[in-house]
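The values are calculated or read from the model by the stated rules, or taken from the named source; none is laboratory data. Computed from a prediction, not measured in an experiment: that's the story for all the values here. Note that we place each Cβ from the backbone using ideal geometry, even for glycine, and neighbour counts take in every protein chain shown.
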Amino acid sequence: MAARRPAETAARNSTDERLLVEAAKTDPAKFGDLYDAYFEQVYGFIARRVADRTTAEDLTADVFHKALANLRSYEWRGAPFAAWLIRIAANAVADQSKRGAREVLGADFPEPSGEPNMDGIEERARLFRLVNELPKDQRRVILDRFVDEMSIREIAERLGRTEGAVKQLQLRALENLRKQMGGAHA
């Protein structure tokens, strides 16, 4: 029996994958085959990016739910079906991170209860002042990234720099702020 060459195996896998997707499009009950084929890959992707197992399981379930709900709009373009699932997973992880950040911010800045928290107000005012004292490019990156919630790619396009340069500016800005704040808020 002759061994298959890698190109033949890839072509066969691509054809099998496309058939599974088309079958699931016409009969949603067949989506289980796609779930079985890609669960570990999607779960692994998410688990490496979130803090706990429960969140990873919930996000993985959300990814497959969204994939099933949007399967009819999926168009085969030659890329692996897993790439589409990973894109959905990346968006789910990003959304989860934003929700988590908002929850943390909500915990740090409670609703007014009659008496304002002067220490917290002074600390935030100091932080805003220190951000304004950063070099122009570092200040722009911090404001775009954390106030406007822009991605590294969006900031790079806006500034006409590479993503690596923007990441370096962000790192330097955060290090400067950390030093100025006394290292208390790493």
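In this structure, is residue 180 over 30 Å from residue 39 (Cβ atoms) and either surrounded by 10 or more Cβ atoms within 10 Å (Cβ to Cβ) or at pLDDT 85 or above (or both)? Can you show your working first?
Numbers: over 30 Å from residue 39 (Cβ atoms): yes; either surrounded by 10 or more Cβ atoms within 10 Å (Cβ to Cβ) or at pLDDT 85 or above (or both): yes.
In short, yes.
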Could you grab me the full set of residues in the range 36-70 that are of a type in the set (Asp, Glu) and not in a helix (DSSP H, G or I)? 52
Residue by residue through the range 61-75, note down the ones that are exposed (fewer than 13 other Cβ atoms within 10 Å of the Cβ) and over 21 Å from residue 47 (Cβ atoms). 69, 70, 72, 73, 75
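Taking the options 143, 159, name whichever one is more than 20 Å from the chain's Cα centre (by Cα), in the same structural domain as residue 125 (by TED's automatic domain parsing) and surrounded by 12 or more Cβ atoms within 10 Å (Cβ to Cβ). If you could, list the steps in order and put the result at the bottom.
Details: 143 fails: more than 20 Å from the chain's Cα centre (by Cα).
Unique residue meeting the criteria: 159.
With respect to residue 67, determine if the residue is small (Gly, Ala, Ser) and closer than 30 Å to residue 98 by Cα.
Working: small (Gly, Ala, Ser): yes; closer than 30 Å to residue 98 by Cα: yes.
Yes, satisfied.
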Given the conditions (1) crowded, with 16+ Cβ neighbours inside 10 Å; (2) within 20 Å of residue 83 (Cβ to Cβ), every one holds for residue 55 apart from (2)
Which condition breaks for residue 162 when tested against (1) modelled with pLDDT of 85 or more; (2) β-branched (Val, Ile, Thr); (3) under 20 Å from residue 94 (Cβ atoms)? (3)
